[in-house]
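Comments concern the structure below.
The values are calculated or read from the model by the stated rules, or taken from the named source; none is laboratory data. Predicted model, so just to flag it, every value in this text is computed and none were measured. Here the Cβ is made from the backbone with ideal geometry for all residues, glycine too, and neighbour counts use every protein chain on show. The protein model used for the area step is the full one, side chains on, heavy atoms only, and it has no ligands, DNA or RNA in it. Shrake-Rupley method; radii C 1.70, N 1.55, O 1.52, S 1.80 Å.
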Amino acid sequence: MRLGIDLGGTKTEIIALDSNGVELYRQRMMTVKGDYYATLSGITQLVLEAESVLGQQGTVGVGIPGTISEVTGRVKNANSTCLIGQPLREDLAQQLSREIRVANDADCFVSSEAGDGAGAGYDSVFGVILGTGVGAGVSVHGRLLPSPNGVAGEWGHNPMPWIDDVQRAAVGRCYCGQQGCIEQFLSGPALAARCFRETGRQLSAKELAIALNSDPAADSVFKRYVLDLCKGLAHVINLLDPQVIVLGGGVSNIDRLYDLIPDSLGDYVFGGECSTPIVKNRHGDSSGVRGAAWLWP
């Protein structure tokens, strides 16, 4: 049995798969924000409860919003900043008395979608998470792109292209220490902050999506968001030119995205045209947790 954990900024989910990939169990809990030891305890509790219900022990793979440094063995680059500098893999191994595999959540997402999801059948897949943070992973011929620094696909902390100083100043400084990162413009919280800046209304990304059909101001905010998304994706296409880009995370559930993106994406891709499919994930919120489970072959 394989157990996968998706440690997100909002929720933490566990899934149990048998050797054929059939789902045996699933449970989720709210992530305790800003508390490393509560996060550690929550993951341990989910694993032990799953094994108690199923009556067997499994391997454990964990997808995190960051990565494990090859130099220190500790978490780095996590937008859940309480994880940064912590020996998460070792602490979980001690609590659960077994080896634990940890990978970036976007890498888990793209592994799942490239394997039997929306990216299946494509030789190169760029998998994007538009959620609490913005991340991505790269799969080539069904395998994650080897990454000596653990940051392949981390477009969320490249600078947002084709913006002016006023736009850059509006988002302040990113937790990573830079300013004007793509994540500051394209995450779910960034979409909500954009709505507040431009309309004075406190709407979450989910609430904004509901308002699109009846609220011209919300529709205008969302169109500007999509324009920035196209700029960011064009950067990826100009660099990697993947055969497909699969979107995940909460913002990817806004269906209007897929109507608007084709209208603007080609304007920013070198050569002025773009035939790259931009598609919604197949496995929904479960893609990351499935990919975490499959960290054990």
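Determine which lysines satisfy two conditions relative to LYS231: a Cα distance under 20 Å, and not lying fewer than 8 residues away in the same chain.
LYS223, LYS280
What spacing in nm lies between the two simple spin-label points modelled at TYR175 and ILE84, each 7 Å away from Cα in the Cβ direction?
About 0.8 nm separates the two model spin labels.
In a shell of Cβ-Cβ distance under 14 Å around LEU240, excluding LEU240 itself, what net charge do Lys and Arg (+1) and Asp and Glu (-1) give?
Charge balance in the 14 Å sphere: -3.
What whole number of Å gives the distance from the Cα centroid of segment 161-188 to the Cα centroid of segment 41-68?
Answer, in whole Å: 35.
If you roll a 1.4 Å probe over the heavy atoms of the protein chains, what accessible area per residue do you get for segment 154-201, in Å²?
48
Summarise the accessible area of segment 121-281 (1.4 Å probe, protein heavy atoms) by the percent that is carbon and sulfur.
52
What is the gain in length, in nm to one decimal, between GLN56 and ASN213 on full extension, counting 0.36 nm per residue of separation less the C-alpha to C-alpha distance?
Working it through step by step, the gained length comes to 51.7 nm.
Starting at the first residue of segment 97-112, write each ³J(HN,Hα) from the Karplus equation 6.51 cos²θ - 1.76 cosθ + 1.60 with θ = phi - 60°, in whole Hz, x for Gly and Pro.
Karplus values, whole Hz, x for Gly and Pro: 6, 6, 5, 10, 9, 10, 9, 4, 5, 5, 5, 5, 4, 5, 4, 5.
For segment 1-106, what relative contact order do you get, as a whole percent, if you take Cα pairs closer than 8 Å and at least 6 residues apart?
Once normalised by length, the contact order is 26 percent.
Which FRET efficiency, nearest 0.05, do GLU198 and LYS33 yield, Cβ-Cβ r, R0 22 Å?
According to the calculation, E is roughly 0.25.
Compute the helix-to-body angle for 256-268: its Cα long axis versus the longest principal axis of the chain, expressed 0 to 90° and rounded to tens.
With rounding to tens, the tilt is 60 degrees.
What percent does the relative contact order of the chain come to when contacts are Cα pairs within less than 8 Å and at least six residues apart?
21
Once phi is turned into ³J(HN,Hα) by the Karplus curve 6.51 cos²θ - 1.76 cosθ + 1.60 with θ = phi - 60°, what whole-Hz value does each residue of segment 31-42 show in order, with x for glycine and proline?
Listing the rounded values in order: 6, 7, 7, x, 9, 4, 6, 5, 5, 4, 5, x Hz.
May I ask for the distance between the Cα centers of segment 226-251 and segment 71-120, given as a whole number of Å?
23
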